[in-house]
Every structure is written in C-alpha cells, then in structure tokens.
Amino acid sequence: MESSSDKRAGEIMYFQMAFRNLRRNGIRSSLAIIGIIIGVMAVASIGIFGANLKATVLSNFQNITNEVLIYPAYSAKLRHGIVTTSGVTYIDKRTAERIVRLPYVKDYAFVCSNFATVKYREGVFGATVYGMDEKSVKKLFSVEKGSIKLSGSCVVGYDLADRLNLRVGSRLEIKGKEFRVAGILKEAGARFDVNPNNAIIISLRDFDKTFNAKGYSFIVVWVRSLNDVQLFKDAVEKTINAKEKKVDVFELKIIISKINETFNFVSRFLMAIAGVSLLVAGVSILNVMLMSTIERTKEIGVMLAIGAYRSTILKLFLLEALILGIIGSVIGALLSLAGGYTVDMLILHSTKYLFSVTTVFYMLEGMFFGLLTTLLSGFYPAWKASRLEPLEALRYE
Amino acid sequence: MYAIELKDVKKVYRVGNEDIYAVNGVSLKVKVGEFLCVMGASGSGKTTLLSLMGCLDKPTSGKVIVEGVDTSELGDRELTKIRRDKIGFVFQQYHLIPTLTAFENVELPMLLKGISKKERERRAMELLKIMGIDKAANRKPSELSGGMQQRVAIARALANNPKILLCDEPTGNLDTKSGEVVMNLIKQQNEKGVTVVLVTHDPDISKYADRVVRIRDGKLIGQESG
C-alpha cells in the first residue's frame, strides 16, 4: 500500500506541522531553546573542564606511571609512603642486583630506610633516615641550599630543616656517628617512594655502617614504558620469586587509577550540579508545551474529529519537543566548546587538552541529556493533548 | 442498510446535581444518498445529535449504527477510523488548521490515513478545483474569506471519499451569497451520492433537503418530506 518514500513524505509533513507550530510562538519557543542551550552548555562545559583538569593533574604524575617499587615480601609495611623496616625486613644485595639486571629496567635506586633517634645540639628527636647513593638523590630531588654530597655528610628535608633551624654546615649525630649537613632539599610534593621532607638522607655505605644493614629496604625501579610494568612484574615473579616469594612488586599505576576515579567522581558531581540548570530548562519546556496544548485544544479536537489517532497527536507534540531539544542541544554543545575553553583558560591557564576525544564525548553527553530532558518534559503535555475528548476539545473556547 | 441508524439514543450530561438530557430517546434512520435536515433552535440538542452520528461522542444509552456497524461495540481507534474514512465533517466555525495552507488542510485527512503523497496532492487539487478555490491553494486560512474557508473545509471533509457528510450550521457564519455557494456545493455532493445530514436553525436551508426532521428538548417532534 504505502511505500517507504511515501511514509517519509508523511513524516516530513508532520515535521513541518510541528515546526510551524513552534514558529507560531517564536519568542516563547526561542526562550525554551535558550533554556536548553544554557543547560546543555553548563553540563558539557563542566564535563569538559573536569576531564581537562584531570588530564592536567595526571600529567604531573606522568613520571611515576612507569615507576615500580619493590619491597621485601616478609613484612613490607607502607605507611604514608614511609616504609618501616625492622630486623630482617630487607632485600639482600644479591637479590637486589639480580632484580635491577632484569630486562625492561631503565633505571633504579636502592633505598635503605630506618627510623632513628638523632641528636642535634642539646635536643634529641626522631626522624626517618634514608640511605641512598648520590646519583639517585640527585635524580629524585633538588637542593634549596648547599649541595647534594653524601660522603660523610647528609642532606636533610625541607620541613625538618625548618623545624630544627638546621643550616648547611650544621652537625647531626645519628647513632653516635656525626654527619655534617651538606644540603637542604627543596620541599617535595607527595611521593610514594621516598619522602624526604622530614627525613635525613645519608649514603648507602654510611647507612650500612650506622645501622649495620644487610640489604635494602626497597628498590625503586623505572621501566622503559607503561606497558613494560606488567612485563617487568612477570619477569620478577618468574626469576626472583620462582622458588620462594622474596619480594613484592608495587606499581604506582594503581595510584593513577585512584586519581582517575576521584576526579571522575568530582567531575560527575559538578555535572550533576550543572544538571540543575537543565532541570530548570525542562520545566520551562514543560510550561511552554502545556500552554501550547491548552491554546491548541480546539485544533487538537479538529485533528481528532477528522481522524487523527491519539498516538498521532502524541507524536506531533513530542516532535515539537524534540525539535526544541535538538536545536537547543546542538547549539548548547557547540557553545560548550567555548565554555570549556573559557573555564580552562581561567583555571588551568591552558587549553591543550580541550581538543580531544573526551571533549567530543562530553559534548555528546550534554546533547543526550538535553534531548532526554526535552522529551521527558514534553511527554506529559503531549500525553495530555492526546487524551482530550474530541467533542469537548472542539467546543473549547 | 441505512447510512446511519439511531436506536433510542440518549445522551445525558450531569450538571451539578441535575441530569440534562441533551438527546432524549431519538430513533432515526438516514437512507443512503439522502439529504436530511435536522432543524431546531439553539439548545435543542441538534449538535449533540450530529456528534453522536459522527462518532465524536458516545451515547449514554441506545445504539448508533453507521453503515451497518454498531459503533457502541467499537474502541477508540476503530471510532477514529470511522470518522476518518466514512464520515466528513463540516463545522460552522470551519475549524481549519491555521498553520496549514488550504491545500495542506485538504491533504491532512489523507495524511492521517496514510495515502501516498502523489495521490494526496492529486486529490487535494481536484477537490479545491471542484470547490472553485484552487487559486487559493497556497494561502493560509487567515488569508481567506469565511466562504472560502468553508469551501476548503468541505474539500477537507471529502478528502477520503466519505459516504456521509455531517454539516453543523455550515452557513451560520456566512453572508447569504456565500451561504448559497456553500449549500450548492454540498447539494452537488449529495447528487453524486453522498449522504448528507445537516443541522440548522435556518428554515431557508431546509429547501435543499429531501427530508426535514425537527428536534426540541432532545426529542424529534415531527417529520415532513422536503
């Protein structure tokens, strides 16, 4: 009977009717569209900003993503990034040498650590003491004052120096041995391996002598790339841990995924708040469509009288909501790019993450919620219109 | 078979605590091809009667049979189909869709039926020509005179080739001359075989009818042949 092109022609006519009905109250329709534009723009802009903020933060952690920490398997205790070792909890030197000679290892640092009472002038205090070689310390940290020299001397963390008024040249006594402060490190951000802010770093040899250590507390290994992390872990399991479990491998990738999770959560939360504006837009669509339904009661009556199904009336009104939704969502999504740009510039001072797939994703998401809102709020008026009794509707004045 | 048959039809409206009998026990048979005029003053129930015949409204009791089909048994969609395919309505107020052109208004019932675009356009143009308003095809109702709007409305009523045309005071808003044009067009359709039921309070109109029935207080009070 009816070919598909005829059907399409029919749809086009319904579309035209819906479009003309919206044009009849141009200002009202425009205001409803503006509501949707603002809502979609708010949601998508916030989403884009959240993603860019995350990307910026993660980029600060880029250098640790290929970092792997290796602890002795017995009782590695990681508390606030500080490893406490007591007695036998160390990686013996032979094992350590084997580990750092495994493939995938680009660089490494042996670290000893212990908690010790330290004397300075008349006072006694407790501090973490790290044993590391000079090269590794230079790789990880930089000095505020003095220089990084560890033979017979030490470097101290920023907070510790600040707290005890330590200066370059000050003398500390650790377990009866005297160390001269050669340098004060710059304040370091939160780290997951060595936390120097409240610590004293001495050379590995001095550490051995002072604490009588037989091995290392942990090893920091940098693999060549992120993909090598798993390969390296497997290699450790196959070789070092083959007979008995000697070491645990702790990858900092996990931390990245936690950061990811947290930011996604914050981003969702902010988007939900922005979603309130979309809700308001939905209410305004509801209002516009309800008014339109009431004003056009008579017309609906005519349509029903000359043979329109109730479902056709429903479709016509939903189509009107859909048109409002599509126009508002598309414009809103496009403007969200400008919105994202502005917020990025204001807060991140950079827009380098703006033009990415995630941005497109959030634009599409904004559009999706814009359309969903208009359809949901258009549904009640459309349903109401479709339930009118033809005769009563015809007589409506 | 009759075009329309009413069997003891009643329509009661409840206003406050009072039951108002808009139609109170009407039995009526409209023959196929007949031109029936229902005359009555305003408030006599003539429009309600026409609405019942046209399946726009359901009777409180009694039966409305359209072309042999008992409509009291039918659901909403079936009633809609009857209105769409078997009946054409002409209202006093024309009731054209203001956003559509004259041409599109005539197309609309065919669109609702799912007629192909080509056929819709052919038929709409044909009807507008018959009604003598093909030159106004692309004008909106607001740009047409009352007489022209009513002619568009008749064209729309005829779009799906209904066998029955129900007219509610079709000349009520028109001057005498336009009214005559409209009545002649309706009569012309009747002569082509379309059953016409027309309600009016204007005695002059009854001259077009084959038969006139009078209604008062919801009851038929007499029948005479025109």
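Quick one: ranking B:E5, A:E397 by accessible area, 1.4 Å probe, largest first, what do you get?
Numbers: B:E5 35, A:E397 170 Å².
Reading off the accessible areas and sorting them downward yields A:E397, B:E5.
What FRET efficiency do you get for A:E11 and A:F379 if R0 is 25 Å and r is their Cβ-Cβ distance, rounded to the nearest 0.05? Walk me through the numbers on the way to the answer.
Numbers: r = 20 Å, r/R0 = 0.78.
FRET efficiency, A:E11 to A:F379: 0.80.
Going by average Cβ density within 10 Å per residue, which order do the peptides B:58-70, A:209-221, B:105-117 take, highest to lowest? Write down the numbers at each step before the final one.
On the way: B:58-70: 16.3, A:209-221: 19.3, B:105-117: 22.0.
My ranking of the peptides, most packed first, is B:105-117, A:209-221, B:58-70.
Kindly express, to the nearest 10 degrees and within the range 0 to 90, the angle between helix B:146-158's C-alpha long axis and the longest C-alpha principal axis of chain B.
Around 80 degrees separate the two axes.
Where the only charges are on Cβ atoms (+1 Lys, Arg; -1 Asp, Glu), what is the dipole of region A:67-251 about its Cα centre, to the nearest 20 debye? Display every interim value, and only then the final one.
Numbers: 31 positive and 22 negative charges, 87 e Å.
The calculation lands at about 420 debye.
Just want the answer: with Cβ charges of +1 for Lys and Arg and -1 for Asp and Glu, which residue in B:N138, A:V343, A:T373 is farthest toward the dipole's positive end in the protein assembly as shown?
Value computed over the given set: A:V343.
Which links in A:K209/A:K245; B:K163/B:K187; B:K29/B:K163; A:K135/A:K233 stretch past 19 Å when you go from one Cα to the other?
On the way: A:K209/A:K245 28 Å; B:K163/B:K187 14 Å; B:K29/B:K163 15 Å; A:K135/A:K233 25 Å.
Check vs 19 Å cut-off fails for A:K209/A:K245; A:K135/A:K233.
How high is the FRET efficiency from A:R24 to B:E78, r the C-beta distance, R0 25 Å, rounded to 0.05? Spell out each step's value before the answer.
Values: r = 33 Å, r/R0 = 1.31.
Rounded to the nearest 0.05, the efficiency is 0.15.
So if I average 1/r over every pair of distinct C-alpha atoms in region A:177-326 and take the inverse, what Kirkwood radius in Å does that give?
It is 23.6 Å.
Using a 10 Å cut-off around each Cβ of peptide B:78-88, what is the average number of partner chain Cβ atoms that fall inside? All intermediate terms of the calculation are to be shown ahead of the outcome.
Details: counts 0, 3, 10, 2, 1, 6, 5, 1, 1, 3, 2.
For this peptide, the per-residue mean of nearby foreign Cβ atoms is 3.
Within chain A, which whole H helices from DSSP have a Cα span along their axis of at least 24 Å and a mean Kyte-Doolittle hydropathy of 0.0 or more, if any? Mind dumping the intermediate values first?
Details: long enough: A:4-24 (30 Å, -0.85); A:26-60 (50 Å, 1.50); A:253-295 (61 Å, 1.28); A:310-343 (47 Å, 1.60); A:357-386 (42 Å, 0.93).
Result, helices passing both filters: A:26-60, A:253-295, A:310-343, A:357-386.
What residues in region A:286-322 lose 10 Å² or more of accessible surface when the other protein chains are added to their chain alone (1.4 Å probe)?
A:K298, A:E299, A:V302, A:M303, A:L304, A:A305, A:I306, A:G307, A:A308, A:Y309, A:R310, A:S311
Distance from the Cα centre of region A:232-260 to that of region B:75-130, in angstrom?
Distance between centres, Cα-based: 76 Å.
How big is the charge dipole of chain B about its Cα centre, in debye rounded to the nearest 20, if each Lys and Arg gets +1 on its Cβ and each Asp and Glu gets -1 on its Cβ?
Numbers: 35 positive and 29 negative charges, 99 e Å.
It works out to roughly 480 debye.
Taking the Cα atoms only, what angle lies between the long axis of helix B:102-113 and the longest principal axis of chain B, rounded to 10 degrees?
It is inclined by approximately 60 degrees.
So, taking all protein chains as they sit and a 1.4 Å probe, how much accessible area belongs to B:S142, in Å² rounded to tens?
110
Considering the Cα trace of region B:86-174, what is its radius of gyration and what is Dmax, both in angstroms?
So, for region B:86-174, Rg and Dmax equal 11.8, 35 Å respectively.
Over the heavy atoms of A:R163, what accessible area does a 1.4 Å probe trace out, to the nearest 10 Å²?
Here the residue's solvent-accessible area equals roughly 140 Å².
How big, on average over all directions, is the shadow cast by the Cα convex hull of chain B, in nm²? Write down the numbers at each step before the final one.
Details: hull surface 49.9 nm².
The orientation-averaged projected area of the Cα hull of chain B comes to 12.5 nm².
What does the charge dipole of the protein assembly as shown about its Cα centre add up to, to the nearest 20 debye, if the Cβ of each Lys and Arg holds +1 and the Cβ of each Asp and Glu holds -1? Please report the intermediate quantities before stating the final value.
Working: 84 positive and 63 negative charges, 390 e Å.
Dipole of the protein assembly as shown, to the nearest 20 debye: 1880 debye.
Shielding of B:53-63 by partners, i.e. mean partner chain Cβ atoms within 10 Å per residue? Could you put the intermediate results ahead of the total?
Working: counts 0, 3, 2, 9, 4, 2, 0, 0, 0, 0, 0.
The mean count of partner-chain Cβ atoms within 10 Å per residue comes to 2.
Name the chymotrypsin sites (Phe, Trp or Tyr not before Pro) in region A:262-295 that are in a loop by DSSP and that have at most 16 other C-beta atoms within 10 Å, would you? Walk me through the numbers on the way to the answer.
Numbers: sites: A:F263, A:F265, A:F269; in loops: none.
Answer by residue number: there is no such site.
Based on alpha-carbon centroids, what's the gap between region A:314-363 and region A:20-73 in Å, whole number please?
Going from one Cα centre to the other spans 9 Å.
Around B:M148, under 12 Å between beta carbons, what's the net of Lys plus Arg minus Asp minus Glu among the other residues? Please report the intermediate quantities before stating the final value.
Details: positive: B:K135, B:R139, B:K140, B:R151; negative: B:D134, B:E143.
Net charge around B:M148: +2.
For region A:160-265, just say rounded, prolate or oblate: build the C-alpha gyration tensor, square-root its eigenvalues into a ≥ b ≥ c, call rounded for a/c under 1.5, and beyond that prolate if a/b exceeds b/c, oblate if not.
On the way: a/c = 3.29, a/b = 1.47, b/c = 2.23.
Oblate.
Taking every pair of distinct Cα atoms and averaging 1/r, then inverting, what Kirkwood hydrodynamic radius in Å comes out for region B:1-70? Intermediate values should be presented prior to the final figure.
Values: mean 1/r = 0.0799 Å⁻¹.
Here the Kirkwood hydrodynamic radius works out to 12.5 Å.
Could you compute the FRET efficiency for A:K177 and A:K238, with r as their C-beta to C-beta distance and R0 at 41 Å, rounded to 0.05? Intermediate values should be presented prior to the final figure.
Numbers: r = 41 Å, r/R0 = 0.99.
Working from the Cβ atoms, E equals 0.50.
Taking the simple approach of a point 7 Å from Cα along Cα-to-Cβ for both A:S59 and A:V276, what is their distance in nm?
Taking the two extended label points, one gets 3.2 nm.
Work out how much length B:K187 to B:N17 would gain on full extension: take 0.36 nm times their residue separation and subtract the Cα-Cα distance, in nm to one decimal. If you can, show how the numbers build up before the last one.
Numbers: separation 170, 0.36 × 170 = 61.20 nm, distance 4.34 nm.
The span from B:K187 to B:N17 would gain 56.9 nm if fully extended.
By a straight-distance test (C-alpha under 16 Å), which aspartates and glutamates pair with A:K138 as possible cross-link partners, with residues fewer than eight away in the same chain excluded?
Candidates past the 8-residue exclusion: A:D107, A:E187, A:D193.
Once you order the gyration tensor axes a ≥ b ≥ c over the Cα atoms, which shape class does region A:339-397 get: rounded for a/c under 1.5, otherwise prolate or oblate by comparing a/b with b/c? Present the calculation step by step, with values, prior to reporting the outcome.
Numbers: a/c = 7.66, a/b = 3.99, b/c = 1.92.
Prolate shape, in that a/c is at least 1.5 and a/b is the bigger ratio.
State, in angstrom, two size descriptors of chain A derived from its alpha carbons: Rg to one decimal place and Dmax to the nearest whole number.
33.8, 105
Determine the distance separating the Cα centre of region A:186-218 from the Cα centre of region B:176-222; give it in Å without decimals.
A separation of 109 Å, based on Cα centres.
Cβ neighbours within 10 Å, averaged per peptide: list B:151-159, B:19-27, A:307-315 in order, most packed at the top. Present the calculation step by step, with values, prior to reporting the outcome.
Details: B:151-159: 26.8, B:19-27: 17.3, A:307-315: 19.2.
Answer by packing, highest mean first, reads B:151-159, A:307-315, B:19-27.
According to a simple spin-label model (label point 7 Å from Cα along Cα-to-Cβ), what is the distance in nm between A:V360 and A:S151?
Going from the A:S151 label point to the A:V360 one covers 5.9 nm.
For the pairs B:K10/B:K86; A:K145/A:K253; B:K86/B:K219; A:K54/A:K145; A:K384/B:K46; A:K258/A:K352, flag any whose C-alpha to C-alpha distance is greater than 31 Å.
On the way: B:K10/B:K86 23 Å; A:K145/A:K253 33 Å; B:K86/B:K219 26 Å; A:K54/A:K145 33 Å; A:K384/B:K46 29 Å; A:K258/A:K352 23 Å.
Violating the 31 Å limit, Cα to Cα: A:K145/A:K253; A:K54/A:K145.
Step by step: find N for region A:67-251, compute 2.2 N^0.38 Å, then divide the Cα radius of gyration by it. What's the final number?
Numbers: Rg = 16.5 Å, N = 185, 2.2 N^0.38 = 16.0 Å.
Normalised Rg, Cα atoms only: 1.03.
The values are calculated or read from the model by the stated rules, or taken from the named source; none is laboratory data. The shown structure was predicted, so the numbers you read here are calculated from the model rather than taken from an experiment. Glycine gets a Cβ as well: all are built from the backbone with ideal geometry, and neighbour counts include every protein chain shown. When the accessible area is computed, the model is the full protein with side chains, heavy atoms only, and any ligands, DNA or RNA have been set aside. Shrake-Rupley method; radii C 1.70, N 1.55, O 1.52, S 1.80 Å.
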